[in-house]
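> Handing you this structure, nothing more for now.
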Amino acid sequence: INAEYMGFLKGILIRAMLSLPHVLLATTTRSLLSVRVAARLFCTTNASSNLHQPEMPDFEVHKDHLRLRVKGDTHDFHWFWLLHNCPSSVHPMTKERIVDVPDIPLDVVPRKVDLFNGVVHIAWSGAKLSEFPVDWLLRHSYSLNRQPVAPPCSDEKVLEIDFSALQKTSTNLRRDYSRLVHDKISRYGAVIVRRRSADTEEIIRDFLPEGEDVWHSHFGRIEDLRTDNTTNKNTDQLGYTNAAVAPHTDMPFVHNCPSMQLLHSMRAADRGGESYVVDARAAAYYLKATNPWAFDMLKTIPVKFHRVQKNFEAVTHYPIIETYGDHIVQIRYSYFTMAPFRVPFEWMRLWYEAYNAFAQMLQNPKFQFRFLLRETDFLMYSNKTMVHAREAFCGPRWVRGVYLDQNRVLQHLLNNCKPDQ
């Protein structure tokens, strides 16, 4: 019973009433009122009972798959899988399949999808039709409650903290600053602090307890990344030039590479010199979801990293993606220190294809946090999960680099967040 039907019924009754003798009019009117009251009670009772009806199957049409929703669960089915398993693609007498996988394009999509009476109806190109009972799909489901993996974030604003503005509003600067830095490092793997200080040593003290020092490298305690460097050792590498440096992690050629780096801007270039970082761990998880064979290749095959300088040499063998169980614990990615390595001939092309798939993600601007560091700004990031890079530049750009232990930094920040601090 709906409004349109009630209007139609009312019209019939009124026309009937007008044709009745006057004596019967009152009785008929009372009958009409009783019908209206009964109809309203029926509609109310029916609507109330609908609240307790079991959830009916529903579906969503996606670019490459069908999503079926049943009793709060989701089940995803590729279009090519559905076409390959179409119940009508069998011999009418023997019921054996008559379609082979190469007969089905992997990018096939349907013309129309419907679901009624517990059956999913799919119309393909041409006159091909498929019907799948929901119960049959549930018995053959291969992706229960699959959670899509998001690509790496690229909005640099989520990384930024304006220290000067925080100074003016915070009632407990040390605690609030430490909490913000800790949260951004933990969530995004990096933080950009604007207008902090021109004193690198002051910034270092923000992140280390009294008595602890930075991680010393073969460059020295603090790197002065500038073209006219006179303070560091082993400066025969790209960081001390004005050339562009593509995404990479630092020091994959040492076993216990530094887990965190801080880059403090002393002077911006006259032109160019923009920085960018990519959440390489998020990119690796995205690769696993979209190209699992490439992910497996990069986590399995050890690569040779070899740094050769006039007065320094180091070499290691590690896969690009290091895992512990299902967790990605470290990315080692350095195109300028990756050296020739050996795998079986049949695997070499497969490894290069896998590496290219990952590299294209890291080099894709839509996955990159891009920004310009100005004087007193600094970037701090995880060297185990992020890759960093810079554009070529002109002019006397000067950035100071410091290596830190990430676990110690995060613990120090947590200690600063305690109520008694």
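> Which one is farthest from Q363 (Cα to Cα) among residues in the range 326-335 that are open to solvent by 60 Å² or more (accessible area, probe 1.4 Å) and modelled with pLDDT of 95 or more?
The extreme case among them is H327.
> Further question: Working carefully through the options K384, K310, find the one that is of a type in the set (K, R) and either under 25 Å from P151 (Cβ atoms) or without any contact (Cβ under 8 Å) to a residue 60 or more places away in the chain (or both).
On inspection, the qualifying residue turns out to be K384.
> To continue, here is another question. Looking at the range 62-114, which of its residues are open to solvent by 40 Å² or more (accessible area, probe 1.4 Å), within 19 Å of V134 (Cβ to Cβ) and either assigned to a loop (DSSP other than H, G, I, E, B) or hydrophobic (A, V, I, L, M, F, W, C) (or both)?
Within the range 62-114, H62, K71, G72, W81, P87, S88 qualify.
> I would also like to ask the following. Looking at R267, R271, can you tell me which residue is basic (K, R), open to solvent by 30 Å² or more (accessible area, probe 1.4 Å) and closer than 24 Å to E201 by Cβ?
Details: R271 fails: closer than 24 Å to E201 by Cβ.
Result of the check over R267, R271: R267.
> Is the range 349-366 home to any residue that is surrounded by fewer than 20 Cβ atoms within 10 Å (Cβ to Cβ) and either over 24 Å from the mean Cα position of the chain (by Cα) or at positive phi (or both)?
Yes - at least one qualifying residue is present in the range 349-366.
> Checking A243 against (1) more than 29 Å from the chain's Cα centre (by Cα); (2) open to solvent by less than 30 Å² (accessible area, probe 1.4 Å), which single condition isn't satisfied?
Among (1) more than 29 Å from the chain's Cα centre (by Cα); (2) open to solvent by less than 30 Å² (accessible area, probe 1.4 Å), A243 violates only (2).
> Where residues in the range 192-212 are among the acidic types (D, E) and either in contact with a strand residue (DSSP E or B) (Cβ under 7 Å, 6 or more places away or on another chain) or under 15 Å from Q411 (Cα atoms) (or both), which of them is modelled with the lowest pLDDT?
E210
> Starting from the range 128-155, take each residue that is touching a residue at least 60 places away in the same chain (Cβ under 8 Å) and within 20 Å of G72 (Cβ to Cβ) and list its partners that are in a strand (DSSP E or B) and among the small types (G, A, S), counting only C-beta distances under 6 angstrom and pairs at least six apart or across chains.
Final answer for the pair search is none.
> What pairs come up if the first residue lies in the range 210-233 and is small (G, A, S), the second is at pLDDT 95 or above, and their beta carbons are under 6 Å apart, counting only those six or more places apart or on different chains?
S217/Y403
> Same structure again: Tell me whether the range 199-207 contains one or more residues that are surrounded by fewer than 20 Cβ atoms within 10 Å (Cβ to Cβ), outside any loop (DSSP other than H, G, I, E, B), without any contact (Cβ under 8 Å) to a residue 24 or more places away in the chain and of a type in the set (K, R).
Taking the range 199-207 first, the residues surrounded by fewer than 20 Cβ atoms within 10 Å (Cβ to Cβ) are 199-202, 204-205.
Checking which are outside any loop (DSSP other than H, G, I, E, B) leaves us with 200-202, 204-205.
With without any contact (Cβ under 8 Å) to a residue 24 or more places away in the chain added as a condition, the list becomes 201-202, 205.
Pick out the ones that are also of a type in the set (K, R) and you get 205.
The answer is yes, given that some residue of the range 199-207 is surrounded by fewer than 20 Cβ atoms within 10 Å (Cβ to Cβ), outside any loop (DSSP other than H, G, I, E, B), without any contact (Cβ under 8 Å) to a residue 24 or more places away in the chain and of a type in the set (K, R).
> Let me ask another. Within the range 129-136, identify whether any single residue is open to solvent by 70 Å² or more (accessible area, probe 1.4 Å) and β-branched (V, I, T), and answer yes or no.
There is no residue in the range 129-136 that is open to solvent by 70 Å² or more (accessible area, probe 1.4 Å) and β-branched (V, I, T).
> When you scan the range 217-245, how many residues do you find that are outside any loop (DSSP other than H, G, I, E, B) and more than 25 Å from D270 (Cβ to Cβ)?
The qualifying residues number 2.
> Looking at the range 290-324, which of its residues are assigned to a helix (DSSP H, G or I) and open to solvent by 60 Å² or more (accessible area, probe 1.4 Å)?
Across the range 290-324, the qualifying residues are T290, P292, W293, D296, K299, T300.
> Further, regarding this structure: Just checking, how many residues over the range 30-79 are under 25 Å from N145 (Cα atoms), of a type in the set (D, E, K, R) and at pLDDT below 50?
If we filter the range 30-79 for residues that are under 25 Å from N145 (Cα atoms), which is where we start, we get 51-79.
Okay, now just the ones that are also of a type in the set (D, E, K, R), so 55, 58, 60, 63-64, 67, 69, 71, 73, 76.
Of the ones still in play, those that are also at pLDDT below 50 are none.
Of the residues in the range 30-79, 0 are under 25 Å from N145 (Cα atoms), of a type in the set (D, E, K, R) and at pLDDT below 50.
> Which ones in the range 163-177 are out of contact with any helix residue (DSSP H, G or I) (no Cβ under 9 Å at 6 or more places or on another chain) and either of a type outside the set (S, T, Y) or assigned to a strand (DSSP E or B) (or both)? Talk me through it step by step, then tell me what you get.
Within the range 163-177, the first condition is being out of contact with any helix residue (DSSP H, G or I) (no Cβ under 9 Å at 6 or more places or on another chain), and the residues that meet it are 164-165, 168, 171-172.
Those that are out of contact with any helix residue (DSSP H, G or I) (no Cβ under 9 Å at 6 or more places or on another chain) and either of a type outside the set (S, T, Y) or assigned to a strand (DSSP E or B) (or both): A165, K168, N172.
> Taking the residues in the range 137-162 that are in contact with a helix residue (DSSP H, G or I) (Cβ under 7 Å, 6 or more places away or on another chain) and surrounded by 13 or more Cβ atoms within 10 Å (Cβ to Cβ) as candidates, determine which candidate is nearest to L66 (Cα to Cα).
P151
The values are calculated or read from the model by the stated rules, or taken from the named source; none is laboratory data. Here the structure is a predicted model, which means the values were calculated and not measured. Neighbour counts run over all protein chains shown; Cβ positions are idealised from the backbone, glycine included. Just the protein is used for accessible areas: all its heavy atoms, side chains included, with ligands, DNA and RNA removed. Shrake-Rupley method; radii C 1.70, N 1.55, O 1.52, S 1.80 Å.
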